1. Along region B:111-124, what does the Karplus equation 6.51 cos²θ - 1.76 cosθ + 1.60 (θ = phi - 60°) give for ³J(HN,Hα), rounded to whole Hz, x for Gly and Pro?
2. Return the long-range amide H neighbours of A:Val270 (sequence gap of 5 or more, or a different chain), with a cut-off of under 5 Å between placed amide H atoms.
3. For the protein assembly as shown, report the translational diffusion coefficient in µm²/s to the nearest whole number, using Stokes-Einstein at 37 °C, 0.692 mPa s, and a Kirkwood Rh over Cα pairs.
4. Which FRET efficiency value, to the nearest 0.05, do you get for B:Arg56 and B:Ser4 by plugging their Cβ-Cβ distance into 1/(1 + (r/R0)^6) with R0 = 30 Å?
5. With viscosity set to 0.692 mPa s at 37 °C, what whole-number translational diffusion coefficient in µm²/s follows for region A:133-282 from Stokes-Einstein and a Kirkwood radius over Cα pairs?
6. Of all DSSP beta bridges in region B:1-160, what percent run antiparallel (nearest 5)?
7. Reported to two decimal places, what Rg/Rh ratio describes region A:1-107 when computed on Cα atoms with Rh from the Kirkwood expression?
8. Nearest 20 debye, what's the magnitude of the dipole of the protein assembly as shown about its Cα centre given +1 on Lys and Arg Cβ and -1 on Asp and Glu Cβ?
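The values are calculated or read from the model by the stated rules, or taken from the named source; none is laboratory data. Remember, predicted model here, so these are calculated numbers, not experimental data. Cβ: placed from backbone, ideal geometry, glycine included. Neighbour counts: every protein chain shown. All accessible areas refer to the heavy atoms of the entire protein, side chains included, with ligands and DNA or RNA removed. Shrake-Rupley method; radii C 1.70, N 1.55, O 1.52, S 1.80 Å.
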Amino acid sequence: MKHFRSVDEAGPDAIRRLLDLADHMAEVNRRPNPKVPALRGKTVCNVFFEDSTRTRLSFETAAKRLSADIMNFAVSSSSVNKGESLRDTIETIAAMGVDAFVIRHKSSGVPWQVSDWTRASVINAGDGWHAHPTQALLDCYTIRTALNRTNSFDGLKIAIVGDIKHSRVARSDISAFTMLGADVTLVAPRTLLPPETTVPVETNLDDIIEDLDVIYLLRMQQERMTESLVPSLREYTTRFGLTPERARRLPEHALIMHPGPMNRGVEMAVDPSELPGSVITQQVTNGIAVRMAVLFDLLGSGSNLEENE
Amino acid sequence: MTDSKQVLGPDDVRRAVTRMAHEIIERNHGLDRVALIGLQRGGVWLAVALAAEIARIDHDIPVGSIDASLYRDDIGLRPVSPGSVSDVSFEIDGAIVVLVDDVLYTGRTVKAALDAITDYGRPSAVQLAVLVDRGHRELPIRPDYVGKNLPTSTAEQVVATVEGVTIS
């Protein structure tokens, strides 16, 4: 594989291969010295046109644990503010000798555009409302390890709750979860649903909560209220938030997930540290392992050798 | 399978394992702090077989496995696909580690495995046990316990399993 830009583009075989590889990376991360020399001499550049400290740190840690060199391109203090075009920025950094770009941008499709301008591999760390494939990968890996579902998610009932319309996490998760065989249901107010969906929609969380294996809460952004998409955050919590009453109605084995950062008191109206099913911290830890898997697959596995020749 | 030739049969393999187990015990004056580590993928069955044989003759010793693909020196030059996840659930510091592989060839896998082991700790010694030594070393590495020395050409393939050793 040359690039990792979306779950659909990668396809089920690559997703499974990356999840298997993440097992190896997780083992590296559990060692007293969690570092391997696999990507010595490779250079990875983080280019984040949107702020995201956690994703950037996760990629940075992943690259370092594989012994790759990592550069961080700080958009706020760069020539982008002097009017340099995206293409010039990418070509300039590429000329310094970069093997992979990790790109986050507010516009959908930017990672595809960037790969036309450079021979380096491109990893999508979030483009607009479109995709966030490494988040989907870490979510799949978390479910797979927590529920011991190595080969498939057949029959797993997963609800994704919240602002589906504006969420690249939701879009990538829907693709990845269904690709692995899960039954995904979206739960949201009509105003926060995309015009078309490929999976069933439910507007009443209480109707399905007792049957769920996984409840995935999305971050509710304050702006959605000023845009009048929800009447008030309180009302949102009442209908779609994970309240103590709802947490009690979840099956005992059910996982509670959130991509972070969390709005306590809004979508998460309980303290997740008091919920035995919460795997939110594991999601963060697993993010490093799956990003190591992606970096190794693109830069070290030789799986792209034939494509290059 | 037309031009493949069996060099050792299942009974030969079993006898070689028994002999190597005795050698490991003898060389280490009993088995204080000895542990076996099979190399993914081909060496794991042999490490398990040696451990079973050593347990039969003497007593149980720890056995683990290691995947050295993240330490290889040919990363990016040829496809690498890791085997099972490494499993080293015992203390490496101060242990006498016997690395176990099915076939010793260029020595590069063993070199990668040596690098990998040092990331788990500092063994007091590392020894190497292989079922087949087929020659053509590219690094200064020699085995301590050998099931069979097998002169080969680089064009040939050697496969060593519990069912026997074939060359093709």
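1. 4, 4, 5, 4, 4, 5, 4, 5, 6, 8, x, 10, x, 6
2. Amide H neighbours of A:Val270, under 5 Å, 5+ apart: A:Gly265.
3. Numbers: Rh = 24.9 Å.
Approximately 132 µm²/s, per Stokes-Einstein.
4. On the way: r = 32 Å, r/R0 = 1.06.
Computed FRET efficiency for B:Arg56 and B:Ser4: 0.40.
5. Numbers: Rh = 15.2 Å.
Stokes-Einstein gives a translational diffusion coefficient of 216 µm²/s.
6. Details: 1 of 23 bridges.
Rounded to the nearest five, the antiparallel share is 5 percent.
7. Working: Rg = 15.4 Å, Rh = 15.5 Å.
Rounded to two decimals, Rg over Rh is 1.00.
8. On the way: 51 positive and 64 negative charges, 168 e Å.
The calculated dipole for the protein assembly as shown is roughly 800 debye.
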